Each structure stands twice: as structure tokens, then as C-alpha cells.
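The values are calculated or read from the model by the stated rules, or taken from the named source; none is laboratory data. Just so we're clear, the structure is a prediction, and the values are computed from it rather than from any experiment. Methodologically, a virtual Cβ is constructed for each residue, glycine included, from the backbone with ideal geometry; neighbour enumeration extends over all protein chains shown.
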């Protein structure tokens, strides 16, 4: 597996930024690691999104994502978006436009990975779980599957909490509108176009109720949802276990 710390300039953000990228490498003599690599230009890719207090290095630092992805021949792209909720911030940068438009173009131009829907996936934890679902709901034709771990899925309720008021004012300008509200996006979605969803959350997690509400709304909307609510809290031990389950769940990736 190749580990690339990629620093580059974003025209959308108008600033230099970073992403961590894992690229599969076939390795026959590397001890303790089984490397799988597909044909050039056909390597499946997972966009793996970080949480509110993290950055583009968090998944690499706190899980064994490199080892898990190596066994499946999966490229993994982990961008930095700071505390943006993957939105075009009212007072800040255009992180939604960066994520949804500029980043996939740059990934395709920098690395020889597939850009086909059947080879493209998105997942994330906490704020990143929200970002993953928002991306898949707003651009369902891009992804073959989407997964959220302990997602912060009800940003409208979050915006009404006093301790998150300043954050939501900066990012959303107050209570988020329908383009940033997962429940509103579900309500207007065509279920036939949506990719399969995987929603997981620990039963001791403070975000459990909003995850349950999202699952109920998604099922009511006709989405295909795999649910994993099990004992666990909002912490990396839970997410390290969950990302392994999610990689095994992704359609079309080698087992």
C-alpha cells in the first residue's frame, strides 16, 4: 500500500490544503501484509471523511485503515475540511463545492483510480457521517454505497443547542436550510436513485436518537438501509471495528 500525504492548492478554497491518500500495491514478499491491486484506472476508491475535531490524518492515525484497505485493493481518499460540516460556510470557505466538485476532479487527475459509480464509495464518522450522507443524497449518481458511523445527522436540532450556536451561525448562518438538512434531502429524494446506506451507532452514543430517527426516515423514503446499532460510545475503538464491517459490506470490492 502506498501512503501519500498530498499537499495541493485548491482553487475553490483559494488556499493550500491537504489530503491523505492510500493507493493499493500488489506486494508478494512484504511480511505480514497481503497487497491487492487492480488494473490501472479501475481501482475502486473510498472517500473517507473525518469528524469535527479531526483532520485528514485522523483515520490513518487512529485505525488500521491502511491494512484493511490493502487487503481489498481499495484506494482511500481522506481530505481535510476543518470544522466545516462539509458545507459552503456562510462565514468561511466553500467546503461543499470543494468536496463535491473540485476534489473528485483532482483525485482523478493525480491518481489512476476509477471514476465509475460502481467503483466509488463514501463513508465518514460523526461530522463525516453527516458529510457522507449529504454527498450521497445530493449526488446519488456518484456513489455505489454510503456509510455513516456515529453520524451527527440532525444538524437542525444541533443548531438549536446553545453550545453549538456559534458554530452553526458561522457555517450555516443559523438553522441549516434544506440543502444541508439530511431529513429534508431524504424527503425530496428519488429512492430508486439512492445508493445503499449503512448506518451504525453505539447504543451509549449521545447521537443514537438522531441516528434512529434518520434510519426511520430513510426506510420510510424507500431507501435501502443496513443498520448496526450495538454497544459502543463515540470513540475510535468503535469506529475501527465499524470500518472493517463497512469495507466488507461495500458492493463489488474483493473480500
Residue 56 being under 29 Å from residue 168 (Cα atoms), without any contact (Cβ under 8 Å) to a residue 60 or more places away in the chain and surrounded by 21 or more Cβ atoms within 10 Å (Cβ to Cβ): yes
Hey, residue 206 under 19 Å from residue 54 (Cα atoms), out of contact with any helix residue (DSSP H, G or I) (no Cβ under 8 Å at 6 or more places or on another chain) and free of Cβ contacts under 8 Å to residues at least 60 places away in the same chain or not: yes
Selection count where residues are assigned to a helix (DSSP H, G or I) and within 18 Å of residue 50 (Cβ to Cβ), scope segment 137-163: 2
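Yes/no per residue for (1) buried (at least 18 other Cβ atoms within 10 Å of the Cβ); (2) closer than 26 Å to residue 154 by Cα; (3) at pLDDT 95 or above:
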| residue | (1), (2), (3) |
| --- | --- |
| 7 | no, no, yes |
| 28 | no, no, no |
| 38 | yes, no, no |
| 47 | yes, yes, yes |
| 66 | no, no, yes |
| 85 | yes, yes, yes |
| 88 | yes, yes, yes |
First in segment 158-184 and on the phi > 0 side of the Ramachandran plot, second anywhere and modelled with pLDDT of 95 or more and part of a loop (DSSP other than H, G, I, E, B), Cβ under 6 Å, 6 or more apart: 173/90
Answer from 90, 107, 81 - the residue that is on the phi < 0 side of the Ramachandran plot, outside any helix (DSSP H, G or I) and touching a strand residue (DSSP E or B) at 6+ places or on another chain (Cβ under 8 Å): 81
Within segment 51-72, tally of residues that are in a loop (DSSP other than H, G, I, E, B) and in contact with a strand residue (DSSP E or B) (Cβ under 7 Å, 6 or more places away or on another chain): 3
Checklist (1) surrounded by 13 or more Cβ atoms within 10 Å (Cβ to Cβ); (2) more than 17 Å from the chain's Cα centre (by Cα); (3) within 29 Å of residue 118 (Cα to Cα) applied to residue 239, failing item: (2)
